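Visitor: Handing you this structure, nothing more for now.
Computed from the coordinates by the stated procedures, all read-outs in this text should not be read as laboratory data. Note that the structure is predicted; figures quoted are calculated from it, not measured. Reconstructed Cβ throughout: ideal geometry from the backbone, glycine too, with neighbour counts over all protein chains shown.
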Amino acid sequence: MKKDVLRMGDARLLRRAEEVHSFDTPELHALLADMRATMQALEGVGLAAPQIGVNQRVVIFGVLHNPRYPDAEPVPETVLLNPVITPLSSDTEEDWEGCLSLPGLRGLVPRFKTIRYQGCDEYGALIDRTVSGFHARVVQHECDHLDGILYPMRIRDLRQFGFSEVLFPDSNVPEE
Ligand code: NI
């Protein structure tokens, strides 16, 4: 069922979320169903459980071909629990991000270009991927939510932060 997404200013977005210890449970499957329904209804590319008020280390993300975002490279539909991110170099790059917790806004955010991420899926199966570019950006954005970090906290120049329809009158940048 689609849930309301908490918006920036809500203290529940600022907590460190708790590790998941039980896999393949009805509660976890129900949480994931709610997260998928919410993300799809809002056409997001990712969502973290704290954004719907559930303080667990659970994120989902994925972009298959989406006509709204023709430039976005495909990212596999993924359920990721208890993620650990390791940057594989100190190289960063800046790009525009949005967030379902800050509707209508976009900011230019530095992220590591290439990362390894590890964790597991809802059945406890290990996930271990090395990714770069947009995929790496989405993972870093979603996992930040598990540590109470919203993307404006990472913007270096707040002049590069504003309303999407003003910044990009002719196009869409995905919300994560
Ligand atoms: Ni977000």
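Visitor: Please report the relative contact order for the chain, taking Cα pairs under 8 Å with a sequence separation of at least 6, and give it as a percent rounded to a whole number. Intermediate results must be reported in sequence, preceding the final value.
Guide: Numbers: 365 pairs, mean separation 45.4, N = 176.
Here the relative contact order equals 26 percent.
Visitor: Test of understanding: extend the Cα→C-beta vector of residue 118 to 7 Å, then name every residue of region 70-98 with backbone N under 19 Å from that spot.
Guide: Zone members listed by number: 79-90.
Visitor: Now for a different question. Using alpha carbons only, how many degrees (0 to 90, rounded to 10) separate the axis of helix 26-41 from the longest principal axis of the chain?
Guide: 20 degrees
Visitor: I'd like the FRET efficiency for residue 23 and residue 166, computed as 1/(1 + (r/R0)^6) with the beta carbon distance as r and R0 of 41 Å, rounded to 0.05. List each step's numbers first, then the result.
Guide: Working: r = 44 Å, r/R0 = 1.07.
Step by step, r from the Cβ atoms, then E = 0.40.
Visitor: Next up: Let me know the charge dipole size of region 73-176 about its Cα centre in debye, to the nearest 20, where only the beta-carbon of Lys, Arg (+1) and Asp, Glu (-1) is charged. Mind dumping the intermediate values first?
Guide: Details: 9 positive and 18 negative charges, 69 e Å.
I would put it at about 340 debye.
Visitor: To check my understanding: the extent here is largest minus smallest coordinate of the Cα atoms along each principal axis. What are those three numbers for region 81-176, in Å, largest first?
Guide: 43, 28, 24
Visitor: I need the semi-axes of the equivalent ellipsoid of region 61-134: take the C-alpha gyration tensor, multiply each eigenvalue by 5, square-root it, list largest first in whole angstrom. Present the calculation step by step, with values, prior to reporting the outcome.
Guide: On the way: eigenvalues 97, 60, 32 Å².
Those come to 22, 17, 13 Å.
Visitor: Moving on. Calculate the dipole size of the chain relative to its Cα centre from +1 charges on Lys and Arg beta carbons and -1 charges on Asp and Glu beta carbons; express the result in debye to the nearest 20.
Guide: Details: 18 positive and 27 negative charges, 71 e Å.
The calculation lands at about 340 debye.
Visitor: In whole Å and largest first, what semi-axes does the C-alpha gyration tensor of the chain yield when each eigenvalue is scaled by 5 and square-rooted? Intermediate values should be presented prior to the final figure.
Guide: Details: eigenvalues 114, 68, 50 Å².
Gyration-tensor ellipsoid for the chain: 24, 18, 16 Å.
Visitor: Working out 0.36 nm times the residue gap between residue 147 and residue 90, then minus their Cα-Cα distance, what length gain in nm do you get to one decimal?
Guide: On the way: separation 57, 0.36 × 57 = 20.52 nm, distance 2.05 nm.
My answer for the length gained is 18.5 nm.
Visitor: Just to confirm the number: angle between the C-alpha axis of helix 133-145 and the first principal axis of the chain, 0 to 90 degrees, nearest 10?
Guide: 60 degrees
Visitor: Working only with C-alpha atoms, what are the Rg and Dmax values of region 1-99, expressed in angstrom?
Guide: 14.5, 41
Visitor: Report the label-to-label distance for residue 15 and residue 130 in nanometres (one decimal), using points 7 Å from each Cα along the Cα→Cβ vector.
Guide: 3.7 nm
Visitor: Full extension from residue 159 to residue 30: what is 0.36 nm times the residue separation minus their Cα-Cα distance, to one decimal in nm? Walk me through the numbers before you get to the answer.
Guide: Numbers: separation 129, 0.36 × 129 = 46.44 nm, distance 4.03 nm.
Computed gain between residue 159 and residue 30 is 42.4 nm.
Visitor: Which one, 102, 89, 22, projects farthest toward the positive side of the charge dipole computed for the chain from Cβ point charges (K/R +1, D/E -1)?
Guide: 102
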